[in-house]
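Visitor: Supplied in structure tokens, the structure appears directly below.
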DNA sequence: GCAGCGCTGGAAAGCGCTTTCCCGCCACGC
DNA sequence: GCGTGGCGGGAAAGCGCTTTCCAGCGCTGC
């Protein structure tokens with residue numbers, strides 16, 4: 001039992017070459033090794049079933065093949081799509097993805113980063129949306145610094161200004177364009193189901209939406225805040241229905257929240273879109289088959305993950321790069337003319 | 001730039017103790033260290049911002065804090081739910097999850113296992129459904145052996161008989177119970193949208209369903225196979241509609257496939273459930289708000305992930321343990337009396 | 001013909017940590 | 001008084017790999 005792992009030394013001995021040569025053959029150094037030695041080593045390694053010890057390599061090279069990915073909740077399709085993009089790129093590059101989940105607790109983000117630093121991860125993609133909470137922000141900033149000083153790279157999805165590479169979806173612009181599209185449908189009174197007030201993504205989408213309404217000379221919307229989840233959308237919608245709002249169209253800052261909201265509306269007998277139009281944001285693929293089909297702002301989520309991974313893996317210059325990704329308004333059956 | 005990482009040696013020197021003592025203090029060995037030395041080390045480590053080098057630890061201890069998780073597609077809510085369960089448990093145990101995706105290519109599973117072995121992962125949860133393909137099966141079995149011989153533990157979700165710990169959902173029983181429930185609604189002619197014929201999960205659910213129909217003395221269903229995805233369900237449903245089948249109720253072996261199927265039906269003007277009843281399997285949380293609500297067999301997916309992680313992390317005996325998880329038939333609006 | 005160069009192979013010094021020894025010290029028992 | 005354990009501390013030997021440095025050798029160029 002527990003047959004000791006085959007080591008490079010054994011391969012070298014068996015093949016009758018030095019450790020150095022074996023290492024050079026099996027792990028592609030710049031140095032040349034003669035044809036026959038090389039082949040002998042390769043064959044022996046194959047025969048013995050040699051698998052290099054990644055920890056030892058990481059230690060010797062002072063860099064590992066780990067890439068971190070930090071999300072709030074992997075069940076949330078928003079994150080799982082991004083995760084798919086990140087893993088695809090990482091795996092193509094021969095790297096391995098470490099998945100960390102925060103459960104939406106901001107302080108977990110810094111903890112995870114520290115763990116990732118311990119593992120000498122060569123890069124990290126931070127996909128969890130940033131909050132405006134002071135304390136956790138500065139703790140996080142410190143961890144990011146420590147991480148980059150150690151030679152690691154960090155990319156964020158969704159928020160700039162951390163001095164890192166960033167993939168920025170057009171939250172503001174998307175919200176604004178959506179508002180415009182909805183006003184063009186004739187709606188005059190709007191409500192917004194917003195996320196927690198300290199979430200940057202939620203704020204941006206809301207701000208953009210308000211700006212769009214203002215463009216059209218329409219009164220600001222009623223805003224009800226709720227958690228950034230299906231249940232948050234449900235609760236917010238319920239609260240909205242309980243109020244005396246006369247809105248004919250509601251914008252949930254997230255598709256997932258919109259799903260919850262639609263459930264609430266259904267429960268209360270409010271028909272969508274006849275009695276109330278509703279729109280979301282993200283265009284989650286898994287949710288595209290819902291009835292009525294949800295109007296939303298499409299974000300290329302997987303692609304965003306790929307871009308983030310790309311940024312973080314290709315060494316790049318010293319300056320923080322920012323890639324903007326546009327959202328595209330998609331009007332479907334959940335929004336009607338008014 | 002790139003300030004060298006603080007090492008244990010530096011902490012030890014700074015604190016005026018030996019390397020051994022510092023190690024003992026900071027990484028809890030069995031040995032005692034006197035109060036004042038201990039405190040001095042702790043304080044110095046804190047001041048210097050010491051973070052242990054996980055690779056070095058792994059190398060020295062010959063075991064890492066990595067747990068592997070292998071899925072087909074993290075975007076698929078089935079897998080992301082399981083992933084959530086696994087990560088929760090792993091993180092609570094202070095371990096780190098490595099996410100590998102196969103993209104549904106069976107050979108990737110063995111590759112990933114080999115990578116995980118290189119990283120000396122202490123355990124792996126295989127969530128991707130097993131196929132019946134000979135070649136990849138034996139390659140996988142070999143990798144599993146290699147992995148366990150090296151001291152790692154392996155657990156599977158959904159398939160037994162690999163000599164590993166396993167979480168087995170009641171695919172067969174669930175399919176059977178569902179069939180019974182549907183026949184009780186009065187349906188006499190059934191169709192099944194099955195997965196690829198070599199997927200064990202798909203086969204089991206189908207077999208159970210057939211058995212259930214047989215119990216009720218009903219003719220075997222028409223079976224149309226398709227990919228284990230939304231698009232697979234869509235395509236299979238289209239094929240079914242194109243045939244001369246007179247089925248009044250269709251069972252898609254997966255909720256995700258059922259979603260695709262419902263889209264197909266809608267497109268062809270077939271009303272659910274008036275013209276056709278439809279049921280799925282899994283009860284994916286994200287899909288619970290669809291209209292009409294999908295009848296299905298509920299599986300506690302996150303819990304299954306937790307159980308698998310639990311099995312794989314708690315050393316356990318030598319024997320392969322099997323935990324059975326029952327599916328529960330949930331009839332909703334997508335199935336009507338006939 | 002010989003200095004010098006480029007190239008390949010090997011010896012060995014780490015990488016940062018854990019852990020086994022070993023040593024000195026103290027309390028104890030006879 | 002001295003032998004015995006037990007215990008806390010340190011020196012040092014690895015863990016498996018990479019990489020520098022050096023040795024040897026066959027060539028080229030003057």
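Visitor: Per DSSP H run of n ≥ 4, the term is -39500 (n - 2.57); total these for chain A, divide by its residue number, and report the mean residue ellipticity at 222 nm rounded to 500 deg cm²/dmol.
Guide: -14000 deg cm²/dmol
Visitor: Going by alpha carbons, how many degrees (0 to 90, nearest 10) lie between the helix axis of B:77-92 and the longest principal axis of chain B?
Guide: 20
Visitor: Hey, in the GNM for chain B with a 10 angstrom Cα cutoff, which one of B:29, B:295, B:197 fluctuates hardest?
Guide: Residue with maximal mean-square fluctuation among B:29, B:295, B:197: B:29.
Visitor: If you count the DSSP beta bridges with both ends in the protein assembly as shown, what percent of them are antiparallel, to the nearest 5?
Guide: Just about 15 percent of them are antiparallel.
Visitor: Arranged by the count of other C-beta atoms within 10 angstrom, fewest first, what order do A:48, B:294 take?
Guide: The most exposed by this proxy come first: A:48, B:294.
Visitor: If you take the square roots of the eigenvalues of the alpha-carbon gyration tensor of the protein assembly as shown and sort them as a ≥ b ≥ c, do you get rounded (a/c under 1.5), prolate (a/b over b/c) or oblate?
Guide: oblate
Visitor: Tell me, how many Å apart are the Cα centres for segment B:244-275 and for segment A:109-172?
Guide: Result: 45 Å between the Cα centres.
Visitor: Here's something else I'd like to know. How would A:147, B:79 line up from fewest to most surrounding beta-carbon atoms within 10 angstrom?
Guide: A:147, B:79
Visitor: So what is the relative contact order for chain B, in percent, with contacts set as C-alpha pairs under 8 Å and at least six apart?
Guide: Averaging sequence separation for qualifying contacts and normalising by length gives 16 percent for chain B.
Visitor: Turning to a different aspect of this structure: In degrees from 0 to 90, rounded to the nearest 10, what is the angle of the helix B:106-118 Cα long axis to the longest principal axis of chain B?
Guide: Long axis of B:106-118 versus the principal axis of chain B: about 10 degrees.
Visitor: Taking a ≥ b ≥ c as the square roots of the eigenvalues of the Cα gyration tensor of segment B:171-299, is the shape rounded (a/c under 1.5), prolate (a/b larger than b/c) or oblate?
Guide: Rounded, because the longest to shortest axis ratio a/c is under 1.5.
Visitor: GNM on chain B, C-alpha springs below 10 Å: top fluctuator among B:22, B:179, B:252?
Guide: Looking only at B:22, B:179, B:252, the largest GNM fluctuation is found for B:22.
Visitor: Let me ask another. Given just the C-alpha atoms of segment B:8-52, how large is their convex hull per residue in cubic angstrom?
Guide: 57
Visitor: Something else about it: Using alpha carbon centroids, what distance separates segment B:176-233 and segment B:27-53, in Å?
Guide: Segment B:176-233 and segment B:27-53 have Cα centres spaced 61 Å from each other.
Visitor: How many nanometers, to one decimal and shortest first, lie between the label point of residue B:270 and those of its other copies, if labels sit 7 Å from Cα toward Cβ?
Guide: Label-point distances to the other copies, shortest first: 3.5 nm.
Visitor: Going 7 Å from Cα along the Cα-Cβ axis for the label, what nanometre distances separate residue A:303 from the same residue across the other copies?
Guide: Sorted ascending, the copy-to-copy spacings read 4.1 nm.
Visitor: What is the gain in length, in nm to one decimal, between residue A:246 and residue A:141 on full extension, counting 0.36 nm per residue of separation less the C-alpha to C-alpha distance?
Guide: 33.5 nm
Visitor: For chain A, find the longest principal axis of its Cα atoms and tell me its angle to the long axis of helix A:301-313, 0 to 90°, nearest 10.
Guide: Helix A:301-313 sits at roughly 40 degrees to that axis.
Visitor: Moving on. If you count the DSSP beta bridges with both ends in chain A, what percent of them are antiparallel, to the nearest 5?
Guide: 10
Visitor: Then there's this: Could you pull the copy-to-copy label distances for residue A:103, with points set 7 Å along Cα to Cβ, in nm to one decimal and sorted shortest first?
Guide: Sorted ascending, the copy-to-copy spacings read 3.4 nm.
Visitor: While we're looking at this one, here's another question. When chain B is modelled as a GNM with alpha-carbon springs shorter than 10 Å, which of B:78, B:234, B:50 fluctuates the most?
Guide: Most flexible of the set in this elastic network: B:50.
Visitor: Sorted by packing (mean other beta-carbon atoms within 10 Å per residue), highest first, where do A:328-336, A:279-287, A:253-261, A:135-143 land?
Guide: In decreasing order of mean packing, A:328-336, A:279-287, A:253-261, A:135-143 become A:253-261, A:279-287, A:328-336, A:135-143.
Visitor: Then there is this: Using alpha-carbon pairs under 8 Å, 6+ residues apart, how would you state the relative contact order of segment B:8-52 in percent?
Guide: Reported as a whole number, the value is 43 percent.
Visitor: Using Cβ contacts closer than 10 Å as the measure, can you line up A:40, A:266 from fewest to most?
Guide: Result, fewest neighbours first: A:266, A:40.
Read the figures in this text as sums done on the coordinates, not as results from a lab. A quick note: this is a predicted structure, and the numbers were derived from the prediction, not measured. Here Cβ is always computed from backbone atoms with ideal geometry, including for glycine, and neighbour counts include all displayed protein chains.
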